[in-house]
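Chemist: Dumping the structure here so I can ask a few things about it.
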Amino acid sequence: MSPAKDSAELLEIDGREVRVSNPDKVVFPEPGLTKLDLVRYYLSVADGALRGVEGRPMVLKRFVKGISQEAFFQKRAPEKRPEWIDTATLHYASGNSAEEVVVRDAAALAWVVNLGCIDLNPHPVRAEDLDHPDELRVDLDPMPGVDWGQIVDVAMVVREVLADHGLVGWPKTSGSRGMHIYARIAPRWTFRDVRLAAETLAREVELRAPGLATARWWKEERGESVFVDFNQNAKDRTVASAYSIRPLPDARVSTPLDWDEVRGSHPERFTVPTVLQRFAERGDPAAGIDDTVGGLDGLLRLAEELGPAEKPPKSSDGSGRRQSTMPLIEVARTKTKPEALEALERWKAKHPDVVPLLQPADVLVDGMRGSSSLWYRIRVNLQHVPEAQRPAQAALEADYDPWAGKEWNRP
């Protein structure tokens, strides 16, 4: 390891040279972690991190301006890359395609982190078979007001449903507030089948844990429950993988767990320093995940038994759009989350009589995927406000247009 003249660090990793630019750049001010610290972290946990990403196409989620700024999503691999960086070309229903990076080893792992990828976002397929996922992903997403104990209760039900249908669930913290549970599957089923299996699992969990879990896709209908997010199995979706550092001030890590430690494993306990120590002492709890490959036959049979999921009614204005069953108003659309929250506070100041009537889950903060980055939408569900007191939809407190200036390709 030696410093380069242009303030870069050259790392020798398994016979390959990786250049880390701006190694002293502070990425996480609170714990004081630099860019080089992040690269060293991933190399230290490479055995576990590669178990989650090796051989999988990856969307590059790049934080080139640090964690205080929104990341941009880069599907296509950079044109300038080492010859030993592998790629795979994914084709989407829209007709678009993207040649994406495929990490194969620790050197490639360090290379993508140098690009500004704080967390790793692989697809649930291997480069050798892009049409048949080998992983079913369960994302437990708690609504505001939900505590860790409720998330754990739902996770245990997910484990039970998976086991009842021939699958082994492997838990990890999401690195935010929720939990992920992965199950390896034989690459025999299409994305459509895998998503149907995941949706069926979510519906069964809701049936077994009413009031605690929900499979309702529309956020305003979930209440204070844990959403079993089945749509993470769609073809264009990626999820932060095991040992990914998340862009939160404390440098929290998405950490694999043993089932017997889940209940006491609050997400804030797992940060870069604590995970480095944990990994050095005990290795990867998910080391056996590739030895537990199962199938989807059981869940797909259950899908036939349950029948089609209930769909929301369409709008009566002829647009064909879905009509919400809840009294929603939109407050703001903004480029960044801080701007969205500031707009929410302005709205609250205008409606001081309404605010005390709102439940935590009534304020909906949506991160919306734009062409290359997120934008934010704030909505308020007035279900707990007496009809006579409900404010009408008014002009937005902020009205950002994420599509302004975009040129659309037309045939």
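The values are calculated or read from the model by the stated rules, or taken from the named source; none is laboratory data. All values reported here derive from a predicted model rather than from experimental measurement. Heads up, the Cβs are rebuilt from the backbone with ideal geometry, glycines too, and the neighbour counts pull from every protein chain shown. With ligands, DNA and RNA removed, areas are computed over all heavy atoms of the protein, side chains included. Shrake-Rupley method; radii C 1.70, N 1.55, O 1.52, S 1.80 Å.
Chemist: Between ARG159, ARG237, ARG203, where does the largest GNM mean-square fluctuation fall for the chain, given springs only between Cα atoms within less than 10 Å?
Modeler: Taking springs between Cα atoms under 10 Å, the residue moving most is ARG237.
Chemist: Next question. Can you flag which of LYS35/LYS337; LYS65/LYS172; LYS61/LYS337; LYS65/LYS348; LYS75/LYS235 are past 22 Å Cα-Cα?
Modeler: Pairs exceeding 22 Å: LYS35/LYS337; LYS65/LYS172; LYS65/LYS348.
Chemist: Okay, next question. Roll a 1.4 angstrom probe over the protein heavy atoms and tell me the percent of accessible area of the range 209-268 that is carbon or sulfur.
Modeler: 50
Chemist: Over the chain, what is the percentage of antiparallel beta bridges among all DSSP beta bridges, to the nearest 5?
Modeler: About 90 percent, rounded to the nearest 5.
Chemist: Want the number for LYS25 to ARG192: 0.36 nm per residue separation, take away the alpha-carbon distance, what's left? Each step should come with its number before you reach the end.
Modeler: Details: separation 167, 0.36 × 167 = 60.12 nm, distance 4.27 nm.
Full-extension gain reported as 55.8 nm.
Chemist: At a threshold of 8 angstrom on Cα-Cα distance, excluding pairs fewer than six apart, so keeping six or more, what relative contact order does the range 3-147 reach in percent?
Modeler: Relative contact order comes out at 24 percent.
Chemist: Sticking with this structure for a sec: Can you give the FRET efficiency for LEU300 and GLU160, using 1/(1 + (r/R0)^6), R0 = 25 Å, r = Cβ-Cβ distance, to the nearest 0.05? Before the final figure, lay out the partial values.
Modeler: Details: r = 18 Å, r/R0 = 0.73.
With a Förster radius of 25 Å, E is 0.85.
Chemist: Which entry in [x] 22.6; [y] 18.2; [z] 20.2 matches mean projected area of the Cα convex hull in nm² derived from the coordinates of this structure?
Modeler: [x]
Chemist: Using a 1.4 angstrom probe on the protein heavy atoms only, could you order SER7, SER21 from most to least accessible area? Please list the in-between numbers first.
Modeler: Details: SER7 70, SER21 25 Å².
Descending order: SER7, SER21.
Chemist: Which of the aspartates and glutamates could a cross-linker span from LYS25 if the Cα-Cα distance has to be under 14 Å and same-chain partners fewer than 8 positions apart are dropped?
Modeler: Candidates past the 8-residue exclusion: ASP6, GLU9, ASP37.
Chemist: Separate question: Which value, in debye to the nearest 20, gives the size of the charge dipole of the range 251-310 about its Cα centre, when Lys and Arg are +1 and Asp and Glu are -1 at the Cβ?
Modeler: Dipole about the Cα centre, nearest 20: 420 debye.
Chemist: Rank these by accessible area, largest first, 1.4 Å probe: THR274, THR200.
Modeler: Working: THR274 60, THR200 0 Å².
Ranked from most to least accessible, the order is THR274, THR200.
Chemist: Want the number for VAL64 to HIS91: 0.36 nm per residue separation, take away the alpha-carbon distance, what's left?
Modeler: That pair, VAL64 and HIS91, stretches by 7.0 nm at full extension.
Chemist: Also: Can you give the accessible area of LYS235, probe radius 1.4 Å, in Å² rounded to 10?
Modeler: Around 60 Å² of this residue is reachable by solvent.
Chemist: Ok, one more. Given a 1.4 Å probe and every protein chain left where it sits, what share in percent of the accessible area of the range 103-181 is carbon and sulfur?
Modeler: Its accessible area is 48 percent carbon and sulfur atoms.
Chemist: What spacing in nm lies between the two simple spin-label points modelled at ASP290 and ASP47, each 7 Å away from Cα in the Cβ direction?
Modeler: 1.3
Chemist: What share of the DSSP beta bridges in the range 116-223 is antiparallel, in percent to the nearest 5? List each step's numbers first, then the result.
Modeler: Details: 11 of 12 bridges.
Bridges in the range 116-223 are about 90 percent antiparallel.
Chemist: Just need the relative contact order of the range 322-394 here, percent rounded to a whole number, with Cα pairs under 8 Å and 6+ apart.
Modeler: The value is 43 percent.
Chemist: Full-extension gain between ASP236 and HIS266, please, as 0.36 nm times their residue separation minus the C-alpha to C-alpha distance.
Modeler: Values: separation 30, 0.36 × 30 = 10.80 nm, distance 2.95 nm.
Contour length minus the Cα-Cα distance gives 7.8 nm.
Chemist: Can you give the convex hull volume of the alpha carbon atoms of the range 47-91 per residue, in Å³?
Modeler: Spelled out: Cα convex hull of the range 47-91, divided by residues, is 123 Å³.
Chemist: For PHE230, what accessible surface area do you get with a 1.4 Å probe? Give it in Å², rounded to 10.
Modeler: Spelled out: PHE230, probe radius 1.4 Å, area about 10 Å².
Chemist: Could you sort ARG81, ARG62 by accessible area so the largest value comes first, with the probe set to 1.4 Å?
Modeler: Largest accessible area first, the list is ARG81, ARG62.
Chemist: Could you provide, to the nearest whole Å², the per residue accessible area of the chain with probe 1.4 Å?
Modeler: 48
Chemist: What distance in nm separates the two pseudo spin-label positions at THR274 and ALA309, each 7 Å out from Cα along the beta-carbon direction?
Modeler: 3.3
Chemist: Hey, got the dipole for the range 150-307? About the Cα centre, +1 on K and R Cβ, -1 on D and E Cβ, debye to the nearest 20?
Modeler: On the way: 21 positive and 24 negative charges, 89 e Å.
For this selection, approximately 420 debye.
Chemist: GLU160: accessible area at probe 1.4 Å, nearest 10 Å²?
Modeler: Using a 1.4 Å probe on the heavy atoms, I get roughly 90 Å².
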